[in-house]
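Below: one structure in structure tokens.
The values are calculated or read from the model by the stated rules, or taken from the named source; none is laboratory data. Given the structure is predicted, the values throughout are model-derived calculations rather than measurements. All Cβ positions, even for glycine, are placed from backbone atoms using ideal geometry, and neighbour counts span all protein chains on display.
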Amino acid sequence: MADAAHPSPRTDIIGWIRSWWSLQPVLVPFYALVLAFVVGGVLIAMIGVNPFEAYWALLRGAFGSWDRLAGSIARSVPFVGSALALAFAFRAGLFNIGAEGQLLVGGIAAAWVGTWSFMYDTPGIVAVPLVLLAGFVGGALWGGVPGVLRAKTGAHEVITTIMLNSIALFMTRWLINSKDPLVLRDPGASVPRTKAISPTARLGQLVDSDPPLTTAVFIMIALCIIVWYVLRRTTFGFETITVGTNPHAAHYAGISVERIIILAMTLAGSFAGLAAACEVAGNSYFFQPGTFAFIGFDGIAIALLARANPLAILPAAFLWGALLKGAPLMQQEADVSIDVVRIIQALVLLFVAADAIVRFIFRIKGGDEHHIATTATGWSST
Amino acid sequence: MTDYGTPMPTRLAPEITEDELGGRLRLRLGRRAVVGALFALTGIVLIVAVAPNISNTTESFAFEAPPDPLTFSFRPVTMIVVIGAIYVLTGIVSVVPRLDKVAFWCQIVSALLTIPLILTVSLALSTQSSTNVTNLLDESLLLSTPIALGAMTGLWCEHSGVINIGIEGMMLGSAGVGYMCYALLGDAETTFWLWVAIGIAMCTGALLAALHAVLCIRYQINQIVAGVVINLFALGLTGFLRSEVIVPTGFSKGRTTQAIALPLLSHIPVVGETLFTGGPLHFAMYAVVFLTWLVMFRTRWGLRVRSCGENPHAAETLGIRVIPIRYEAVILGGFIAGLAGAWFSMEAQSGFEDNMTNSAGFIALAAMIFGKWTPWGAFGGALLFGFSRALGSRLQFLGVEFGDFAIPSEFFQSLPFLITLVVVAGALGRAVAPAAEGQPYTPSK
């Protein structure tokens, strides 16, 4: 709920201009990144490894060659979708931590449609959109359930999405494990997974990196821009943000809060589902639950790092992807556990959020403009 | 029309319009009637369809360990018909107006009767003819330990006005650091170092909570972000410590805490030995729940904590120092989360695996919301979850089959989540969180 101490619109604008003038929006995240790496470096030094050596390996692992750079970008693609799933719902005042489940359902829906027998004869121009649509719908279904429950019964989306995450995990595991009623399992494969989707339903590959960079990157960039546009420039986006800011005000203004809640959750789920479909159609070609481990979880952090701004999600997700892509080389060359990257990620998020710490250390002036972001939407709107 | 959010401090428009009031009344009547109708429908299905088709061999519930257990034998048909009749009765009572109180209790009883119903049907469908009920209860209590402890952490934080979604990270961090200390100090022969390690685990939880408190209270960052930071940080830190410290020590497995039998209670006939013998941290959980209730709702300090969560500015005018109280409450919660973490790596098993808490912290959060921010309610939520997990693995063990189709084990594994989902969506009314939750507090000058 809104705090009493909102800055007046006039000072807000002045603050915004001032902050733009002093490059603050860029400076604070940049210094936050530096600080996170310094603290991470101390940790690496503590186990007796030269932190510069480790970071050099990390850097080369992420950006060392065109292939590696492409791999970093490709690695960050699914994170965009899962972060959007959180960010969009966040704007409607909902805390969607169900991206994990929405990814799984979207992924299996895409894999299922992609292995329909007639798909093998269907040209790509039809097959690819069909697979993506299947992921979109699968995610939407799994996101819509908590939305409907929230709107109609008041069941809190934090509980329902956590439960649906686990249900999705076990459900998809059964679908691809089960042999007696053979559902989606590929009988020829040694590990439980679905059959590979039709070659015509696959996304075009741009660079043959690891993981391969596909046209999915354009889909995700477009999705971010569309979501940004919808939130900023359309009636629906305005209604969504109003409901997220103050559901009472929205209700008295004649906005159907229930409708917005259901729609926001459904759309949020569909973004995650679409990301999963891109992953199936672009990278793995079959469905395996392990592919999506932690993507939903990291999406929460990425969305918060980007302050739920759809456009800011792109660089935030890229940071995540690059760190994860570079980590194995760091482990290989400097013998530092991959988990250091997780610590650095946590620290980046910490320092970006707690910009007061960064401002204090680097003596950056100002910093009262961010009051809007400090009030968390709690569970109170149950 | 449901009510969104807590009432605004200033009422610009009437809170409840006539239209809205009508809608709400309809909804409230609707929920009871719908649940009742569902019960009636289930009852009719049970009597008409299930009972005639079920196998007619005698089954039994056992209440004691195998040699010569106390049993309760019954015919599944009788049992199902009786339960079905009670369901139908509940349905009738629920739609009759002016019987709200009666209907409420009928629905509670009917809900509880689902437990024997599920067990009966499963027994009838499986090849086994007996199942131990006391054990099932014991497993439920055991599995609800970390959930209940985590929920208490959440309660302390949220009643003081700080949202904590970092419970998961606090548990994981304390499980990892505690076990690491045990592995380093570890003298597998004595339990002294084990208890030191448990103490360290609790302190780790408190440290992580202190970090959360500093971020939320001193730096006033978004409290959900702070919680996510704690989760990420704990995940990275414990993974790092495991591969860099625990694994190199070569310490594979220590002792777990020794089971204790509660004096007197463990001598209760039939159920005492099973229910009142167990790990010390498990029993500590009961104490923590009880003390949380006692301190939070029956002492002056508890009232102060709650006032900070409801209206910090009003609390301040009464001379309560809001910020220290919030720090104290959050850090106290951290100690409790540390205890839950110690349960994972030093009581349930001896060892640490990456991400071993496996979203128990989030489930604890769910239990807390489920319990409407009360200690006993949250404990009930934890029990429900623990029970459905125990039931799931029990049914998996029984091997239930419908004709040729064996119900997959994945279904039973997802049972706790399904049951929680249904209960939360169907039976739970609106919950009201502490009003000032999530808002940073700046003292007035």
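Scan the stretch B:252-268 residue by residue and report those that are hydroxyl-bearing (Ser, Thr, Tyr) and either under 24 Å from B:Glu64 (Cα atoms) or within 14 Å of chain A (Cβ to nearest Cβ) (or both).
Within the stretch B:252-268, just B:Ser266 meets the criteria.
Rundown of residues vs (1) modelled with pLDDT of 90 or more; (2) of a type in the set (D, E, K, R); (3) surrounded by fewer than 24 Cβ atoms within 10 Å (Cβ to Cβ); (4) in contact with a helix residue (DSSP H, G or I) (Cβ under 6 Å, 6 or more places away or on another chain), yes/no style:
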site: A:Thr240; (1), (2), (3), (4): yes, no, no, yes
site: A:Arg259; (1), (2), (3), (4): yes, yes, yes, no
site: A:Leu263; (1), (2), (3), (4): yes, no, yes, no
site: A:Ala277; (1), (2), (3), (4): yes, no, no, yes
site: A:Val280; (1), (2), (3), (4): yes, no, no, yes
site: A:Ile302; (1), (2), (3), (4): yes, no, no, yes
site: A:Ile313; (1), (2), (3), (4): yes, no, no, yes
site: A:Trp320; (1), (2), (3), (4): yes, no, no, yes
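Right, another one. Mind listing just one residue for me: the one in the stretch B:158-203 that is out of contact with any helix residue (DSSP H, G or I) (no Cβ under 9 Å at 6 or more places or on another chain) and β-branched (Val, Ile, Thr) and, of those, farthest from B:Pro434 (Cα to Cα)?
B:Thr190
Could you please find all residues in the stretch B:33-50 being at pLDDT below 80 and either surrounded by 18 or more Cβ atoms within 10 Å (Cβ to Cβ) or of a type in the set (Phe, Trp, Tyr) (or both)?
B:Val35, B:Val50, listed by residue number.
Does any residue of the stretch B:203-212 turn out to be at the interface with another protein chain (Cβ under 9 Å from one of its Cβ atoms), among the β-branched types (Val, Ile, Thr) and either more than 24 Å from B:Cys308 (Cα to Cα) or in contact with a Gly (Cβ under 7 Å, 6 or more places away or on another chain) (or both)?
Checking the stretch B:203-212: not a single residue is at the interface with another protein chain (Cβ under 9 Å from one of its Cβ atoms), among the β-branched types (Val, Ile, Thr) and either more than 24 Å from B:Cys308 (Cα to Cα) or in contact with a Gly (Cβ under 7 Å, 6 or more places away or on another chain) (or both).
Follow-up. For the stretch B:245-260, how many residues meet the condition of being within 27 Å of A:Ser337 (Cα to Cα) and either in contact with a strand residue (DSSP E or B) (Cβ under 7 Å, 6 or more places away or on another chain) or among the hydrophobic types (A, V, I, L, M, F, W, C) (or both)?
Of the residues in that region, 4 qualify.
Here is a yes/no grid of residues against (1) in a helix (DSSP H, G or I); (2) of a type in the set (Ser, Thr, Tyr):
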{"residue": "B:Cys157", "(1), (2)": "yes, no"}
{"residue": "B:Ile165", "(1), (2)": "no, no"}
{"residue": "B:Ala175", "(1), (2)": "yes, no"}
{"residue": "B:Tyr182", "(1), (2)": "yes, yes"}
{"residue": "B:Leu207", "(1), (2)": "yes, no"}
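Something else now. Where residues in the stretch B:272-316 are of a type in the set (Gly, Ala, Ser) and in contact (Cβ under 8 Å) with a residue 60 or more places away in the chain, which of them is nearest to B:Trp156 (Cα to Cα)?
B:Gly309
Check B:Asp3, B:Asp19 and return the single one that is within 14 Å of chain A (Cβ to nearest Cβ), modelled with pLDDT under 80 and surrounded by 17 or more Cβ atoms within 10 Å (Cβ to Cβ).
Exactly one residue qualifies, and that residue is B:Asp3.
Turning to a different aspect of this structure: Given the structure, is A:Pro129 in a loop (DSSP other than H, G, I, E, B) and not aliphatic (A, V, I, L, M)?
no
Could I ask something else about it? Quick one: is B:Pro416 within 15 Å of B:Thr114 (Cβ to Cβ) and modelled with pLDDT of 80 or more?
Taking the combined requirement at face value, the residue satisfies it.
Return the total of residues in the stretch A:263-304 being touching a residue at least 12 places away in the same chain (Cβ under 8 Å) and closer than 22 Å to A:Ser198 by Cβ.
Final tally of qualifying residues: 18.
What do you reckon, is A:Thr122 on the phi < 0 side of the Ramachandran plot, of a type in the set (Ser, Thr, Tyr) and within 14 Å of another protein chain (Cβ to nearest Cβ)?
Considered against the rule, which asks whether it is on the phi < 0 side of the Ramachandran plot, of a type in the set (Ser, Thr, Tyr) and within 14 Å of another protein chain (Cβ to nearest Cβ), A:Thr122 comes out as no.
Also, I was wondering about something else. Filter the stretch B:213-251 for residues that are more than 11 Å from chain A (Cβ to nearest Cβ) and in contact with a Cys (Cβ under 9 Å, 6 or more places away or on another chain) and give the result.
The answer is B:Ala213, and nothing else.
Related question: Just to be sure I understand, how many residues within the stretch B:163-207 are touching a Ser or Thr at 6+ places or on another chain (Cβ under 8 Å), within 16 Å of B:Asp354 (Cβ to Cβ) and modelled with pLDDT of 90 or more?
Total satisfying the criteria: 10.
In contact with a helix residue (DSSP H, G or I) (Cβ under 8 Å, 6 or more places away or on another chain), closer than 15 Å to A:Leu267 by Cβ and part of a helix (DSSP H, G or I): does that describe A:Val137?
So A:Val137 fits the description; yes.
So, in the stretch B:276-322, how many residues would count as being closer than 17 Å to B:Pro146 by Cα and in a helix (DSSP H, G or I)?
13
Also, I was wondering about something else. Looking for whichever is out of contact with any Lys or Arg (no Cβ under 9 Å at 6 or more places or on another chain), in contact (Cβ under 8 Å) with a residue 40 or more places away in the chain, within 30 Å of B:Ala366 (Cβ to Cβ) and not in a helix (DSSP H, G or I) here; the options are A:Ile97, A:Ile167, A:Ile162. Which one fits?
On inspection, the qualifying residue turns out to be A:Ile97.
Would you pick out the residues in the stretch A:344-359 that are facing chain B (nearest Cβ under 9 Å), assigned to a helix (DSSP H, G or I) and under 17 Å from B:His212 (Cβ atoms)?
Of everything in the stretch A:344-359, those that are facing chain B (nearest Cβ under 9 Å), assigned to a helix (DSSP H, G or I) and under 17 Å from B:His212 (Cβ atoms) turn out to be A:Ala346, A:Leu347, A:Leu349, A:Leu350, A:Val352, A:Ala353, A:Ala356, A:Ile357.
So, one more: For A:Phe118, state whether it is over 15 Å from the mean Cα position of the chain (by Cα), more than 26 Å from A:Leu305 (Cα to Cα) and of a type in the set (Phe, Trp, Tyr).
Yes: the conditions hold for A:Phe118.
Which one is nearest to B:Gly236 (Cα to Cα) among residues in the stretch A:319-343 that are at the interface with another protein chain (Cβ under 7 Å from one of its Cβ atoms) and of a type in the set (A, V, I, L, M)?
It comes out as A:Ile343.
Can you tell me which condition B:Thr145 does not meet? The list is (1) within 13 Å of B:Gly333 (Cα to Cα); (2) crowded, with 20+ Cβ neighbours inside 10 Å, and all the others hold.
(1)
Looking only at the stretch A:51-92, count how many residues are assigned to a helix (DSSP H, G or I) and within 30 Å of A:Val230 (Cβ to Cβ).
21
Confirm whether A:Gly326 is in contact with a helix residue (DSSP H, G or I) (Cβ under 7 Å, 6 or more places away or on another chain) and modelled with pLDDT under 90.
Spelling it out, it is not the case that A:Gly326 is in contact with a helix residue (DSSP H, G or I) (Cβ under 7 Å, 6 or more places away or on another chain) and modelled with pLDDT under 90.
Right, something else. Exactly one of these conditions fails for B:Gln396: (1) under 23 Å from B:Gly279 (Cα atoms); (2) out of contact with any Cys (no Cβ under 6 Å at 6 or more places or on another chain). Give me its number.
(1)
Let me ask you something else. Kindly provide the set of residues from the stretch A:170-201 that are away from chain B (no Cβ under 14 Å) and either outside any loop (DSSP other than H, G, I, E, B) or crowded, with 21+ Cβ neighbours inside 10 Å (or both), ordered by number.
Once the filter is applied, which keeps residues that are away from chain B (no Cβ under 14 Å) and either outside any loop (DSSP other than H, G, I, E, B) or crowded, with 21+ Cβ neighbours inside 10 Å (or both), the stretch A:170-201 yields A:Arg193, A:Thr194, A:Ile197, A:Ser198, A:Pro199, A:Thr200, A:Ala201.
Where in the stretch B:327-432 are there helices (runs of 4 or more DSSP H), lying wholly inside it, with at least 1 residues that are more than 9 Å from every other protein chain (Cβ to nearest Cβ) and either under 12 Å from B:Ala151 (Cα atoms) or not hydrophobic (A, V, I, L, M, F, W, C) (or both)?
Fully inside the stretch B:327-432 and qualifying: B:360-370, B:375-398.
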